[in-house]
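Written out below as structure tokens is the structure these notes cover.
The values are calculated or read from the model by the stated rules, or taken from the named source; none is laboratory data. From a predicted model like this one, the values you see are computed outputs, not experimental measurements. Methodologically, a virtual Cβ is constructed for each residue, glycine included, from the backbone with ideal geometry; neighbour enumeration extends over all protein chains shown. Remember, those area values only see protein heavy atoms, side chains included, never the ligands or the DNA or RNA. Shrake-Rupley method; radii C 1.70, N 1.55, O 1.52, S 1.80 Å.
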Amino acid sequence: MTTRAFVIAITLACTMLYDWAGIAAETGVTTRGVAAPTDLPAAATDMRIGGDEKQTRFVVDLNRKIDLTAFTLADPYRVVVDLPQVTFNLPAKAGEQTRGLVKAFRYGLIMQGGSRIVLDTKGPVRLDKAFVLDAAEGQPARLVLDLVATDRASFMRNITLEKHPAHKASLRPSEVAPKVDGDIRPLIVVDPGHGGIDNGAKGSGGELEKDVVLAFAQTLRDKLESGGKFRIAMTRSDDTFIPLAERVRFARTHGAALFISVHADALPRNEGQAEGATVYTLSENASDAEAARLAEAENKADAIAGVDLTTEPDDVANILVDLAQRETKTLSMQFARTVIGELKSTARLHKHPLKSAGFKVLLAPDVPSVLVELGYMSTKDDLKQLTSATWRARTAQALAQSVDTFLTSRIAGTGGGRN
Ligand SMILES: [Zn+2]
């Protein structure tokens, strides 16, 4: 993918504004209105889109003025706006609004202290203006983006080779189990899928996969911790976006004995019904069409979050080279079978519960890894279970038991822990 970032950093209010779509011209030098305490995140209170397919204006009301960085990405065409941490109190379904050049948009936390808005556009656009106005004349502070339709050739010409700087250093998983000196207990990395700007699948009542899997992962962590045999770390313990490669890197650099990624699936409308849990391992060839469809959906996280993939280091390429690591594959498969054995008696399983596909999050060559799809957000009975604390506790207990069974037999079999 030749996605590159076109970066416009705007830290000062634009002083040459014009009146359009109800935005009053002003200099932006003085702040009127009530100033919010600056140690709290700014809040987005409302938004609107105006204009047509030639020119579109995107406005977000804010409780105070903040800085922004905006840039465009291709394939698919997106506009990305990076902000300091913002609490989004936008109307439900705000992101589904379609108008002019905007197809849809997402917003959320992308790292600690940093939020992002990503707009999907109908085609190549030029970012004509991007600024934040001070509150004035009884109007709140406003973030304003002006998009103008362009053609692909001009769009690509405008893209600079400069790499997007904002999200490089700080995208780090947020929680590491404290490592006590001499603690040789195996480390289990629990990876709740999605987070922040990336909601994952959606239930019919607006339930979000990122919330469902975080709640499950926290329960699983507690169950594993209470056994006392393992150290546990989570790739995220709050609603933050973590890129897929970062999750893999986290497990590798901490020398994890096992990596468990937790997700919940949803079938696209008109694609029938399915139910129950499925356990996935990594394979270059998907085991069936559904596995291929799902891997593609789960691998989209970075595109959804607007992460510029050209900033990814070469790790992923190196990992692919190492993919031949047979032992890891064998162990991942053994663990997947153990999980299914345990889940069989406590949870509903998919009719083909063991599958494989090219999930990027399972790429660690040296950490046995599985991805558990707990069930289908798109299936009523599954969704009921996924959001039930009783089901969560029972299923997390079964999963914790399978970790115990797998690692205990491994340790017994090799006469020592990992390595
Ligand atoms: Zn998912």
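Quick notes
- Annotation note: Cβ proximity below 6 Å between a residue of the range 96-117 that is under 16 Å from Asp146 (Cα atoms) and a residue that is basic (Lys, Arg) (sequence gap 6+ or interchain) occurs for Leu101/Lys122; Lys103/Lys122.
- If you filter the range 223-257 down to residues that are of a type in the set (D, E, K, R), away from the ligand (no atom under 16 Å from the Cβ) and not in a helix (DSSP H, G or I), you find that the one that is surrounded by the most Cβ atoms within 10 Å (Cβ to Cβ) is Arg231.
- Filtering Ile304, Ile260 for residues that are in contact with a His (Cβ under 9 Å, 6 or more places away or on another chain), among the β-branched types (Val, Ile, Thr) and within 15 Å of the ligand (Cβ to nearest atom) leaves a single hit, Ile304.
- Of all residues in the range 42-90, those satisfying the criterion of being outside any strand (DSSP E or B) and of a type outside the set (A, V, I, L, M) are Asp52, Glu53, Lys54, Asn63, Arg64, Lys65, Asp67, Asp75, Pro76, Tyr77, Gln85, Asn89.
- Boolean, Lys380 is more than 21 Å from the chain's Cα centre (by Cα), more than 12 Å from the ligand (Cβ to nearest atom), closer than 16 Å to Ala266 by Cα and free of Cβ contacts under 8 Å to residues at least 24 places away in the same chain: no
- Hits in the range 178-197 - residues which are within 21 Å of Tyr280 (Cα to Cα) and within 16 Å of the ligand (Cβ to nearest atom): Val190, Asp191, Pro192, Gly193, His194, Gly195
- If you check Val372, Val403 for being modelled with pLDDT of 95 or more, buried (at least 24 other Cβ atoms within 10 Å of the Cβ) and not in a helix (DSSP H, G or I), only one passes: Val372.
- Residue match in the range 128-136 (condition: within 24 Å of the chain's Cα centre (by Cα) and surrounded by 20 or more Cβ atoms within 10 Å (Cβ to Cβ)): no
- Candidate set from the range 264-279 (those that are farther than 13 Å from Ser204 by Cβ and charged (D, E, K, R)); member that is nearest to the ligand (Cβ to nearest atom): Asp265
- Residue in the range 270-282 that is farthest from Arg337 (Cα to Cα), counting only those that are in contact (Cβ under 8 Å) with a residue 60 or more places away in the chain and in a loop (DSSP other than H, G, I, E, B): Gln273
- Restricting attention to the range 88-127 and to residues that are more than 22 Å from Phe155 (Cα to Cα) and of a type in the set (A, V, I, L, M, F, W, C), the residue that is most open to solvent (accessible area, probe 1.4 Å) turns out to be Ala92.
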